[in-house]
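Shown next, in C-alpha cells, is the structure this report addresses.
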C-alpha cells in the first residue's frame, strides 16, 4: 500500500516531457480543480498566503511543462526582483541607467543563449567561413557538478515561454526606471506576477502596472464574473478544438505536406485556412487562460480583437497579439524615436540587418537595390523636413517589425515575415495619400506586368504577386467607383469590405514564412 502511494506521488511530481499540462487535457482540469479548492479555502483576506500558494503552484505547473528549465524561470524571478529594487533605490540618474542596462543585458543574453544560439552560430559561420558549433555550457557545468553525464551538451533546448517571461521582466524593470511603478516589496508576490500559470505559456505579456495591484485585492467571484469566465473558457475550447485542430488535421496539414498532389485553388484555400487555424489556435488558448484567471479573481488583458476585420496591416497589428504589439510600441518603437525622430539605434538596426542580408545573399543586385533605396530616401529627407519626419517614423516602424519578427522565431524566415508586415504598413501610409485615379491606373499596369510574367515564367512568386496585386486592383477600382458616385454609403461599405479582404490576403501570404520545413516555403 505504501509503495503504491509512493509510486503515485512519484508519477505526479515527476517531469514527463511527453505529458505536459495543457489546457485542453483532462489532467490540467483535475490539477486546476485541486488548486481552486485550496485557493478558495485560504480565504479572501489572507493575501500573502494566497499569493505564495499560487506562486508555488505556478512553478509546479511550469516544472510539469519544462522540467529542469524551471531553474531559468526562478533565476529570472530572483534577478529581476532585486534588479528592480536596486534601480528604484539608486539616487543618481547615471547609476539608475547603469543598472537598467545590466538588467537588459542579463535578460536578453539569457534569451539569446537559449533561443538564438543556433541562428547566431549559423550566421557567424556563413559570414566568416568558420565552423563553430553549438555547445551547451550550462549542461557541461551541470555534468561537472553531478560527476556524471546527465545532460546533453551537444544541443541547446528552448524553455517553454522564455520569450514571454523575458519581455515581462524587461517591462517591469523599465517601468521602475521610468517611475511608472514602484518595485514589489515581497519576492513571493513578484514571483507570482512573473509565473502566474494561466498566462505563463499562453502568449500573454502582462504589465506589472495592471496586474500587480490585483495581488493586493481580496478574492471575489460573483455570478456575472463566473458566467463571463466560463464563456471565455468555452469560447477558447471551441476555437482550439472545433476550429483549429479540425482545420489542421483535415485540410491544412494534408495540403502542406504534399502540395503537388493538390490543385492551385486547393493550395490557395489551404493558405487561407492556415490563417484561420493560427488565429483559432492562439486566440483560443489565450481565451482559456483569461477565463481560468478570472475564476480566481484576476483579470488578464484581451489579446485579440477581431484581427481579420482590419482594413490595413497597421490596424491588424492593433488587433492581433495586442499584448505583444503594445510591448513593442512602448519598449522598442518609442525608444527608437517613434514618430518624432530617428535615433542611433534606428540606423544601427536597419544597416546591420541590410549589410548581413547582402553578404549572405551574395547578390550584387540586392546591394544595388538597397543602396538606391537608401539614396532616394536620404535625398527626400534632406530636401524636406516633413519628409524627414515621415521617413524616420517609417524606419522606426520597420525596425520594430523586423525585430518583432525575429522574436517569433530564430530564423531569417521570421525576420522576413516581420519585415513584410512592416513594409505593408509603410506602403499603406504612402498609398493612402495618393490620388485614387492614379492609384487605380498604377495598380492595373503593375498587375498586368505580373500577369505577363506568370504567363511567361509561371513561378510561384509571380503567381502570388499577381493574386495579391489583382486583389488590390479590385479594391482601388471599388474606391474609385465610390468617389465617382459621390461617396454613397453602400459603396463605402463595399470599399471597407474589400479593404478587409485584401488585408487578409496580404497577412495570409506573409505567413508562408511561418511554414518552416514545408515544401511551400519560399
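Considering 160, 206, which residue is at pLDDT 90 or above and assigned to a loop (DSSP other than H, G, I, E, B)?
Of 160, 206, the one residue that is at pLDDT 90 or above and assigned to a loop (DSSP other than H, G, I, E, B) is 206.
If I filter region 74-89 for residues that are touching a helix residue (DSSP H, G or I) at 6+ places or on another chain (Cβ under 7 Å), in a helix (DSSP H, G or I), modelled with pLDDT of 90 or more and within 28 Å of residue 354 (Cα to Cα), do I get at least one hit?
No, every residue in region 74-89 fails to be touching a helix residue (DSSP H, G or I) at 6+ places or on another chain (Cβ under 7 Å), in a helix (DSSP H, G or I), modelled with pLDDT of 90 or more and within 28 Å of residue 354 (Cα to Cα).
For residue 417, work out the one condition from (1) surrounded by 20 or more Cβ atoms within 10 Å (Cβ to Cβ); (2) closer than 21 Å to residue 335 by Cα it doesn't fulfil.
Answer for residue 417: the failing condition is (2).
Are any residues in region 220-264 touching a helix residue (DSSP H, G or I) at 6+ places or on another chain (Cβ under 7 Å) and in a loop (DSSP other than H, G, I, E, B), and if so, which ones?
Scanning region 220-264 gives 221, 262.
Would it be correct to say that residue 477 is within 17 Å of residue 311 (Cα to Cα), more than 33 Å from the chain's Cα centre (by Cα), part of a helix (DSSP H, G or I) and at pLDDT below 75?
yes
Whether any residue in region 285-295 is surrounded by fewer than 18 Cβ atoms within 10 Å (Cβ to Cβ) and touching a residue at least 40 places away in the same chain (Cβ under 8 Å) is what I want to check.
no
Can you name every residue in region 319-354 that is under 20 Å from residue 164 (Cα atoms) and part of a loop (DSSP other than H, G, I, E, B)?
Once the filter is applied, which keeps residues that are under 20 Å from residue 164 (Cα atoms) and part of a loop (DSSP other than H, G, I, E, B), region 319-354 yields 320, 321.
The values are calculated or read from the model by the stated rules, or taken from the named source; none is laboratory data. Note that this is a predicted model, so its numbers are computed, not measured. Every residue, glycine among them, receives a Cβ derived from its backbone with ideal geometry; neighbour counts consider all protein chains shown.
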